[in-house]
Structure formats: structure tokens, C-alpha cells
Amino acid sequence: MQETMNMEGGGVLTLRLDGPRVHMEAERPADGRGLYKVWLRGDHGGRLLLGTMAPEGGALRLRRTLSQSALERAGCWPQFRAEAPLAFSFAAGGPGGWYCEQHPERLLADPVLRAQVQGPMLCLREGAGFSLSAPFRPDRPFPLSALFCLARTERREGRLYLVWPFDREGRPIVRNRP
């Protein structure tokens, strides 16, 4: 059985039952405004965060598989609604000044690094250069793997991000670590 429902905040959530498992895929248009989180809200007060949507194929997507019993324990099964609110704005001048750079590869001088960029990244213009940032996901390939040792981590909106500084020509900046 497959069912699709509209999410509050935009987009759709598709559910597919597979025995005791529920496969869920949330999708919404990539509007460049920021990061969207997907929540399930049970009809009797349950609440469950599915996660943060990520750019994929020109849209924002999130895939999760949970057991029906886990959804029941969270108070989000069998009756619930889905929502995808804007959780972090990329608006320039917003918190921290980060914005969504649709083509960060254009900012980088090294062809190896340009080839490793897999899509939009957060960007912060600062002084004599800029920083690029991406969510750290241990279940996904490491972004900009050639710069693995140069990444620093920051926590934003309760989530871990990798950050790389560059000079204005797009060359990585090597900073001494304490």
C-alpha cells in the first residue's frame, strides 16, 4: 500500500507499508530559502522529528524507514499529519550571515575540489575570503573529502556542520589548531 499526503509548509510525504515497516519519503521544491525539517504530529499530541531535508535532483528530499511500533510509541501512528517548516534561513544578514550558494564549485580555484562539490552549500562571505559549510552526516559521503583534515565543526540549529575557510581566490586556508 502506498499513500501520499500534503505536508503543512509545502511538499508531500509518501508512505509505503512493507510488513511492520513504514518507508517514508518527503519531497518539496528547492526554493533556496533555507533548511526544512520534517515532523510528524500525531492526532493525540505525539510528535516525531524525521530529520532535515537535503538537496537531491533539484528538490529537497528526506527518506526514513521506521517500524509501525516506533511510530506508535511516538504517538504518530496510525493517525498523524506531516509538516515541513523552515528551520534555518539562508537569508543574507540572517543568523550568522550564511546563505545558500547554489554553485559553490564556481568559487573554488582547485579543479579537484570543484569536482568534489555535489550541490548547493552554505556560504559565508567574510573579510578577505569566504567559508563553505555542509551538514555532517556519518551515513553519507564526506563533502570535500580532499579537505577532510582542514574541516572544523560547528553546531547550528542542534546539528553538526563542517566548515572550510577559503581566501578570496578560492584557495583553502590552513589554520593552526590549538
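The values are calculated or read from the model by the stated rules, or taken from the named source; none is laboratory data. Just so it is clear, the model here is predicted, and its values are computed rather than measured. No Cβ is skipped: glycine too gets one built from the backbone with ideal geometry, and neighbour counts run over all protein chains shown. Just so you know, the surface numbers come from the protein's heavy atoms only, side chains and all, with ligands and any DNA or RNA stripped out. Shrake-Rupley method; radii C 1.70, N 1.55, O 1.52, S 1.80 Å.
Values as computed for the structure displayed
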quantity: Among (1) open to solvent by 50 Å² or more (accessible area, probe 1.4 Å); (2) part of a loop (DSSP other than H, G, I, E, B) - the single one residue 170 does not satisfy; calculated: (1)
quantity: Residue 15 vs. criteria touching a Phe, Trp or Tyr at 6+ places or on another chain (Cβ under 7 Å), without any contact (Cβ under 8 Å) to a residue 24 or more places away in the chain, in a strand (DSSP E or B) and closer than 19 Å to residue 81 by Cα; calculated: no
quantity: From 105, 56, 83, residue being over 18 Å from residue 29 (Cβ atoms) and of a type outside the set (A, V, I, L, M, F, W, C); calculated: 105
quantity: 2 or more residues of a type in the set (Lys, Arg) and open to solvent by 50 Å² or more (accessible area, probe 1.4 Å): qualifying strands (runs of 3 or more DSSP E) within the range 35-104; calculated: 59-67
quantity: Given (1) out of contact with any Gly (no Cβ under 9 Å at 6 or more places or on another chain); (2) under 20 Å from residue 58 (Cα atoms), index of the condition residue 102 fails; calculated: (1)
quantity: Tally, over the range 133-147, of residues that are out of contact with any Asp or Glu (no Cβ under 9 Å at 6 or more places or on another chain) and either in a strand (DSSP E or B) or surrounded by 11 or more Cβ atoms within 10 Å (Cβ to Cβ) (or both); calculated: 10
quantity: Every residue from the range 150-164 that is surrounded by fewer than 18 Cβ atoms within 10 Å (Cβ to Cβ) and closer than 15 Å to residue 110 by Cβ; calculated: 150
quantity: Residues of the range 105-128 that turn out to be outside any helix (DSSP H, G or I) and either open to solvent by 90 Å² or more (accessible area, probe 1.4 Å) or on the phi > 0 side of the Ramachandran plot (or both), as a count; calculated: 4
